[in-house]
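See structure below.
Values quoted throughout were computed directly from the atomic coordinates according to the rules given, and no laboratory measurement underlies them. As the structure is a computational prediction, the values presented were derived from the model and not from experiment. All Cβ positions, even for glycine, are placed from backbone atoms using ideal geometry, and neighbour counts span all protein chains on display.
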Amino acid sequence: MSPVTSDTEVPEGVRALLRPEQVRKALNIEYSTLKRWLDKGKLPALQDKRHEWRLVRTADLIQFAEEQGLDLDLEKTL
């Protein structure tokens with residue numbers, strides 16, 4: 001995945017960081033698919049190994065969906 005550019009805009013009202021469940025819903029995919037993408041680094045995420053959580057930057061998600069030709073419904077993250 002190429003770096004997020006400054007022109008990747010996050011729509012108003014959508015959080016800058018999303019939990020995996022929000023990402024899964026926005027892409028309409030199974031959690032196992034999302035976990036595989038995150039584990040392989042296809043979709044970058046911020047990770048805290050101590051607390052075992054991951055967050056995905058919304059700008060990264062938008063760019064990833066565009067590059068992969070995936071439908072993205074950010075309203076499902078609200």
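Remarks
- Separation in nanometres of the label points that stand 7 Å from Cα toward Cβ, at N28 and K49: 3.7
- Karplus 3J(HN,Hα) series, Hz, for region 63-78 with 6.51 cos²θ - 1.76 cosθ + 1.60 (x for Gly, Pro): 5, 4, 4, 5, 5, 8, x, 9, 6, 10, 10, 5, 5, 6, 8, 7
- The Stokes-Einstein estimate for region 31-78, based on a Kirkwood radius over Cα pairs and taken at 25 °C with 0.890 mPa s viscosity, is a diffusion coefficient of 211 µm²/s.
- Loop sites in the chain: trypsin sites (Lys or Arg not before Pro), DSSP, at most 10 other Cβ within 10 Å: K49, R50
- This ranking places D60, D73 by how few other beta-carbon atoms lie within 10 Å of each, fewest first, which gives D73, D60.
- Contact order normalised by residue count of region 4-78, Cα under 8 Å, 6+ apart, percent: 44
- Largest-first ellipsoid semi-axes for region 6-64, taking √(5λ) over the Cα gyration tensor eigenvalues, angstrom: 18, 13, 11
- Table column - 3J(HN,Hα) (Hz), region 41-50, Karplus curve with 6.51, -1.76, 1.60, x for Gly and Pro: x, 5, 10, x, 8, 7, 9, 10, 5, 5
- For L17, residues with placed amide H under 5 Å, excluding near neighbours: T58
- DSSP-assigned coil residues among GluC sites (Glu not before Pro) in region 8-58, each with at most 11 further Cβ atoms within 10 Å: E9, E12, E30, E52
- Footprinting exposure proxy ranking of T8, T58, T77, T33, fewest other C-beta atoms within 10 angstrom first, gives T33, T8, T77, T58.
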